[in-house]
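One structure is given here, and the rest of the page talks about it.
Derivation of every value follows stated rules applied to the coordinates shown; laboratory data play no part. For clarity, every value in this text was computed on a predicted model and none was experimentally measured. FYI the Cβ positions are ideal-geometry reconstructions off the backbone, even for glycines, and counts take in every protein chain you see.
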Amino acid sequence: MSRVYNFSAGPAVLPEEVLKEVADEMMDYNGTGMSVMEMSHRSAAFQEIIDTAEKDLRELMNIPDNYKVLFLQGGASQQFAMIPMNLMKNKVADYIVTGQWAKKAYQEAQKYGKANKIASSEDKTFSYIPDCSDLPISPDADYVYICENNTIYGTKFKELPNTKGKTLVADVSSCFLSEPVDVSKYGIIYGGVQKNIGPAGMVIVIIREDLITEDVLPGTPTMLTYKTHADAGSLYNTPNAYCIYVCGKVFKWLKKMGGLEEMKRRNEEKAKILYDFLDSSKLFHGTVVPKDRSLMNVPFVTGDKEMDAKFVTEAAKAGLVNLKGHRSVGGMRASIYNAMPKEGVEALVAFMKKFEEENA
Ligand SMILES: Cc1ncc(COP(=O)(O)O)c(C=O)c1O
């Protein structure tokens with residue numbers, strides 16, 4: 001067996017310990033004589049899996065009792081529609097556009113009501129987070145929307161926007177469980193799990209109970225109504241059962257590692273190794289304003305497309321894979337999620353140093 005260091009933005013690296021455990025349980029989960037893949041989602045064994053996953057997530061994030069945790073399908077992108085369909089009572093929402101994913105959410109919301117772009121960093125290729133301390137929040141806005149960590153551009157909100165009392169909705173797909181958060185500051189926190197938590201194909205939605213109502217936009221499908229899933233404990237229809245099971249294993253792993261305070265410490269340590277090198281390198285440069293740098297996604301360039309391509313190819317040969325930047329920005333991007341060990345980042349920096357010397 002030979003494993004690589006996988007810097008993919010998602011689907012992404014998972015803890016090896018978790019992969020081994022699920023492999024061990026593939027033929028016989030806990031004496032049931034079957035894989036979780038083959039198991040009824042109405043069985044007692046699966047009910048325990050989903051209940052434990054929710055309990056552990058609640059513990060990790062310190063989720064208050066007046067929030068529901070939903071395990072839904074359709075990925076993070078389905079939330080771009082589900083949020084306005086369920087929350088746009090006044091048909092007005094304010095969007096802070098800090099990257100492609102926020103922009104997609106903003107564009108989708110326009111189908112359902114008046115979506116206002118109240119701030120953007122598109123003028124500088126989304127390389128910074130705009131000042132959100134005093135934005136022109138619409139008096140009748142149903143919510144204010146952010147993408148908290150911008151996977152493609154490598155920026156992160158270090159402070160939440162001042163929503164002037166309006167409900168905050170945040171896409172945390174690429175920073176989920178990377179550090180502690182105060183859930184009570186949000187109306188909805190949601191994220192696709194395929195970056196920091198588990199296999200692709202599921203989104204976790206943490207939603208304040210007062211936002212779960214039958215009063216949704218006319219024509220909203222049953223499957224796209226939060227209440228449907230909240231009332232059924234995420235078992236209205238057949239859920240992504242295997243994904244819930246793997247996510248549950250990752251929650252246990254996170255608890256064992258010391259929880260989100262410890263993940264933050266580790267993530268800061270890992271990111272510092274890479275950013276310190278970028279700040280001292282003559283060949284490679286980070287593309288983000290330092291104060292807004294993400295701990296999870298680190299884009300960088302040499303300034304020469306051919307050199308970038310050469311680097312990506314040679315790095316892959318050295319077992320450092322998926323370093324090509326997103327097609328919309330080019331260059332390189334190292335995603336260093338929770339499951340990326342410090343040794344992986346050290347190996348990347350050692351390779352970058354060597355490449356720099358050889359290509360000076
Ligand atoms: C921040 C963010 N939001 C949303 C998405 C879309 O996720 P999905 O493919 O699960 O719809 C991504 C995917 O990369 C992302 O990084």
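Values computed for the structure shown
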| read-out | value |
| --- | --- |
| Filter pass, ASN297 being under 29 Å from GLU21 (Cβ atoms), buried (at least 17 other Cβ atoms within 10 Å of the Cβ), in contact (Cβ under 8 Å) with a residue 60 or more places away in the chain and in contact with a strand residue (DSSP E or B) (Cβ under 7 Å, 6 or more places away or on another chain) | yes |
| Which numbered condition TYR112 misses (of (1) free of Cβ contacts under 8 Å to residues at least 60 places away in the same chain; (2) assigned to a loop (DSSP other than H, G, I, E, B)) | (1) |
| Some residue of segment 143-161 being over 20 Å from SER294 (Cα atoms) and surrounded by fewer than 22 Cβ atoms within 10 Å (Cβ to Cβ) | no |
| Residue within segment 135-151 that is within 16 Å of the ligand (Cβ to nearest atom), more than 23 Å from GLN73 (Cα to Cα), in a loop (DSSP other than H, G, I, E, B) and among the small types (Gly, Ala, Ser) present | no |
| Only one of LYS166, LYS195 that is basic (Lys, Arg) and over 30 Å from HIS285 (Cβ atoms) | LYS166 |
| Boolean, ALA200 is within 15 Å of the ligand (Cβ to nearest atom), touching a residue at least 24 places away in the same chain (Cβ under 8 Å) and either within 24 Å of MET257 (Cβ to Cβ) or outside any strand (DSSP E or B) (or both) | yes |
| Selection within segment 104-115 - charged (D, E, K, R) and within 13 Å of the ligand (Cβ to nearest atom) | LYS104, GLU108 |
| Members of segment 165-193 that are part of a loop (DSSP other than H, G, I, E, B), out of contact with any strand residue (DSSP E or B) (no Cβ under 6 Å at 6 or more places or on another chain) and closer than 21 Å to ASN86 by Cα | GLY165, THR167 |
